[in-house]
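Beneath this line is the structure, given in structure tokens, with notes to follow.
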There are 2 protein chains.
Amino acid sequence: MTRIVMISTGDEVLQGDIVDTNAAWLSQQLNENGLQMSWRLTVADELSDLSRAFSEASQYADWIIVNGGLGPTSDDLSAEAAANALGEPLKEFTSWIDVLLERYQSRGRVMPESNRKQALLPVSAVLIDNPVGSACGFVIELNGARLLFTPGVPSEFKLMVKEQILPRILDAVEVTPPAMYRWLTFGLSESRLNDFLGKIELLEGMTLGYRSAMPSIEVKLKVVQGIEQQTVEHVISQIVDALGDNLFCHHNKGFAAEIQSLMLSREASLALAESCTGGMLASELVALAGSSAYFQRGYVTYSNEAKQQDINVPAQILEQYGAVSEQVAIAMAEGARAKAGTDYALSITGIAGPDGGTEEKPVGTVGFALATPDRTYSQLLRLPNRGRGLVRSVAAAMAMDMLRRYLIGKPVFGEYEFIKRVSSA
Amino acid sequence: MTRIVMISTGDEVLQGDIVDTNAAWLSQQLNENGLQMSWRLTVADELSDLSRAFSEASQYADWIIVNGGLGPTSDDLSAEAAANALGEPLKEFTSWIDVLLERYQSRGRVMPESNRKQALLPVSAVLIDNPVGSACGFVIELNGARLLFTPGVPSEFKLMVKEQILPRILDAVEVTPPAMYRWLTFGLSESRLNDFLGKIELLEGMTLGYRSAMPSIEVKLKVVQGIEQQTVEHVISQIVDALGDNLFCHHNKGFAAEIQSLMLSREASLALAESCTGGMLASELVALAGSSAYFQRGYVTYSNEAKQQDINVPAQILEQYGAVSEQVAIAMAEGARAKAGTDYALSITGIAGPDGGTEEKPVGTVGFALATPDRTYSQLLRLPNRGRGLVRSVAAAMAMDMLRRYLIGKPVFGEYEFIKRVSSA
């Protein structure tokens, strides 16, 4: 197996000031191309630590992707450390300086002197072009391993990996990328998913994985090339069957993307009335371009007065049942639907905590309603109290799940792990 | 200097399926205690790779914190790899089995057989208690380095580090934690911050750092013990002066926390009218417990009809100036304030993209208004078009900045890098 190692440099990454998104992204890219990262090292901006890391990794790996440390400032040490590891001097690669000079000139600007440092590379280095930044990449060979140096800026790094580094590796190792299938689920824990899906017999070359992205869990199936499509389809249908009603969508673009696609294909319109989620659901829907074609408006009725004045929730219902109740959820959804004149309206009213819970209605108690042209569906649920943020995001997902189920003709009230249904109508 | 290394294990972390939040958290903990992580290694669940990593790290480091791989399943290999690196057999630590048996018994449950594996540790290991999980930690000594094995579950890991591992290291190395000062800024780029703050003379033992958390940038000053408080205060006042109006708050709890604190101390109330942000600002405010004491309601008036019907924006203004205009922003804020009966109202209406831009009003054009008891402030800005998400989040932050400035008696219209003011009133 080809051994691929990543070395990330930089104090910000090591000290946790920046989450190393380049690393996760590179792993995924390799994975989807049938390759695997063997290990990853994160090193501080220290010359001796860096050259030591290059030397040690080169004893072990076939390919080493070094990320960061190619900038113009004094704490950018990757090229110098590479030269030390090679036992070579640095030399100025004038061809790169020419590229930079031309770029600056074409924009009518003068190149800062500090950029010259970025062309100082080990004598044996071979340049890798960086069409979008001043840090060129380069390759060296050390102990039989190829070290590929890349800039830390994510956009530059990603372009260089996609256009120049992945093709090089794929060319040399001749793997064929596996096919990836992805699903988003709602309402099942990872261990329950494992119970359900663990029974499915996978062929050699098929790998089933999970990725928790609360409140959803992504299920993914990786299939190496060469397995008959009919066999793959058979496994997929078993997965889809096992996920049942808890399968939210056949992609990993998010719940809002599925809602948008379902609503657009039905040319239907939606209004929202949110209390404890406070605009979170509206914001998730609006995050997608094109949402204005179905999403009309939202009422963030956080106070009781707002519920009464903006969407006509009767004061008597608020008094009799309390703001967190099925009855108020129904009045909110029906009120919002009437005010907005939309086909559908969803409402959410609950206790997100940490305070405000009572014995009868503890934190996590949330009322939901879906108003449709025919009738209104409502339920009062007890969501797990795992913090204000999670109560709110699970509530937003739950409202979307009610609408999704209604639109595809499934029972509006699903079965969810860890969530207790107090009542429904 | 004490050399501290972290070894993270697990395919999910290496393959980018999980972001390694434990690593960033540990780095920050060390940092705030005057310690530093020298490097970090992420290794797959492979026995030979793991024991090789332990051996090599032990040649270099004083302390090695190993995270993960202590679970009950077959791909949890940390203890076995440690035994291999030591050249020792595993033995069953019955004292840990007794702890687990008692815990299960006290809950009236039977311990699964698979838990027994978690007590199989290298002969020379010394146990570290895990009061909240079934994976005990343990310490071994290898080549003079101490390896501390910790569970991967974040809550268990954090408790073990805080209560047992940090005290051990701090006890042995005798450092005194530095003082940390933090500020959130809005509207300055990192390089501009660097220009402004780079001129301030720092004493030996003071470190100034930045952390980008768009749309804010955190500035932090680390001061080692022993520097006179007066000297520190002098530097702090220079920093605060240099940040000027772009200093949003003297903490890093977020913009919404500052707004909440300012509003609560003034016992004032707020309503929102959002178009392109679509509830994002409301959701950010409501994310904080206690927000109901000042935030009354929000109108997500995504369609023109909603703007007219819910907050009385005159159709004629919409027609004459277009939905994205200072005039409509003013009508939205004043309409929301009148409907809600609050002291203040903020409005946001803009083009978040990627479509919908025109030559006159390109993507990133956003109108804002703040309605107060005295008068209404409004501006039309051109935010940088760096994607729909960023246009929306910068717009939400900008609205908060207008309110913040008003509340503390600064000019409502600030100066921001990369943002062009088209007009204001």
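Observations, loosely collected:
- Once region A:41-71 is narrowed to residues that are acidic (Asp, Glu) and within 20 Å of residue A:146 (Cβ to Cβ), the residue that is modelled with the lowest pLDDT is A:56.
- Taken over region B:306-316, the criterion of being crowded, with 22+ Cβ neighbours inside 10 Å and farther than 19 Å from residue A:309 by Cβ is satisfied by no residue.
- Taken over region B:13-35, the criterion of being at pLDDT below 85, crowded, with 17+ Cβ neighbours inside 10 Å, in a helix (DSSP H, G or I) and more than 7 Å from every other protein chain (Cβ to nearest Cβ) is satisfied by B:13 alone.
- Count of region B:308-332 residues which are under 16 Å from residue B:381 (Cβ atoms) and either of a type in the set (D, E, K, R) or touching a helix residue (DSSP H, G or I) at 6+ places or on another chain (Cβ under 9 Å) (or both): 9
- Positions within region A:293-305 being under 25 Å from residue B:289 (Cβ atoms) and surrounded by fewer than 24 Cβ atoms within 10 Å (Cβ to Cβ), in sequence order: A:303, A:304, A:305
- Any hit, region B:408-421, residues being of a type in the set (Val, Ile, Thr) and at pLDDT below 95: yes
- Exclusive hit being surrounded by fewer than 18 Cβ atoms within 10 Å (Cβ to Cβ) and modelled with pLDDT under 95, set B:38, B:74: B:74
- Filter pass, residue A:40 being basic (Lys, Arg), outside any loop (DSSP other than H, G, I, E, B), touching a helix residue (DSSP H, G or I) at 6+ places or on another chain (Cβ under 7 Å) and in the same structural domain as residue A:167 (by TED's automatic domain parsing): yes
- Region A:291-325, residues that are at the interface with chain B (Cβ under 8 Å from one of its Cβ atoms) and not hydrophobic (A, V, I, L, M, F, W, C): A:291, A:292, A:296, A:297, A:298, A:299, A:301, A:302, A:303, A:305, A:309, A:310
- Checklist (1) assigned to a loop (DSSP other than H, G, I, E, B); (2) among the hydrophobic types (A, V, I, L, M, F, W, C); (3) touching a Phe, Trp or Tyr at 6+ places or on another chain (Cβ under 7 Å) applied to residue B:221, failing item: (1)
- Note on region A:108-129: among residues that are in contact (Cβ under 8 Å) with a residue 24 or more places away in the chain and of a type in the set (Val, Ile, Thr), the one that is farthest from residue A:88 (Cα to Cα) is A:128.
- Entry remark, region B:238-249: residues being in contact with a strand residue (DSSP E or B) (Cβ under 6 Å, 6 or more places away or on another chain) and not aliphatic (A, V, I, L, M) number 3 in total.
- In this structure, residue A:5 does not satisfy being more than 7 Å from chain B (Cβ to nearest Cβ), assigned to a helix (DSSP H, G or I) and open to solvent by less than 40 Å² (accessible area, probe 1.4 Å).
- Output for region B:253-284, where each listed residue is within 12 Å of another protein chain (Cβ to nearest Cβ) and under 16 Å from the mean Cα position of the chain (by Cα): B:256, B:284
- In the set (1) over 19 Å from the mean Cα position of the chain (by Cα); (2) at pLDDT below 90, residue B:159 fails one condition alone, (2).
- Yes/no for residue A:47 being on the phi < 0 side of the Ramachandran plot, more than 13 Å from chain B (Cβ to nearest Cβ) and surrounded by fewer than 17 Cβ atoms within 10 Å (Cβ to Cβ): yes
- Some residue of region A:84-93 being closer than 15 Å to residue A:149 by Cβ, touching a residue at least 60 places away in the same chain (Cβ under 8 Å) and not polar (S, T, N, Q): no
- Considering residues of region A:138-189 that are of a type in the set (Ser, Thr, Tyr) and open to solvent by 50 Å² or more (accessible area, probe 1.4 Å) only, the residue nearest to residue A:224 (Cα to Cα): A:176
- Only residues that are crowded, with 18+ Cβ neighbours inside 10 Å and touching a residue at least 40 places away in the same chain (Cβ under 8 Å) were counted in region A:197-219, giving 3.
- Strands (runs of 3 or more DSSP E) enclosed by region B:332-410 - at least 1 residues per element that are open to solvent by 10 Å² or more (accessible area, probe 1.4 Å): B:344-350, B:376-382
- For region A:271-301, a residue qualifies if it is farther than 16 Å from residue A:339 by Cβ and of a type in the set (S, T, N, Q), and the qualifying residues are A:277, A:283, A:291, A:292.
- Boolean, residue B:181 is in a strand (DSSP E or B), among the aromatic types (Phe, Trp, Tyr) and within 14 Å of another protein chain (Cβ to nearest Cβ): no
- Hey, residue A:58 touching a strand residue (DSSP E or B) at 6+ places or on another chain (Cβ under 6 Å), hydroxyl-bearing (Ser, Thr, Tyr) and more than 13 Å from residue A:121 (Cβ to Cβ) or not: yes
The values are calculated or read from the model by the stated rules, or taken from the named source; none is laboratory data. Keep in mind that what you see is a predicted model, and the values were worked out from it rather than measured. Reconstructed Cβ throughout: ideal geometry from the backbone, glycine too, with neighbour counts over all protein chains shown. Just so you know, the surface numbers come from the protein's heavy atoms only, side chains and all, with ligands and any DNA or RNA stripped out. Shrake-Rupley method; radii C 1.70, N 1.55, O 1.52, S 1.80 Å.
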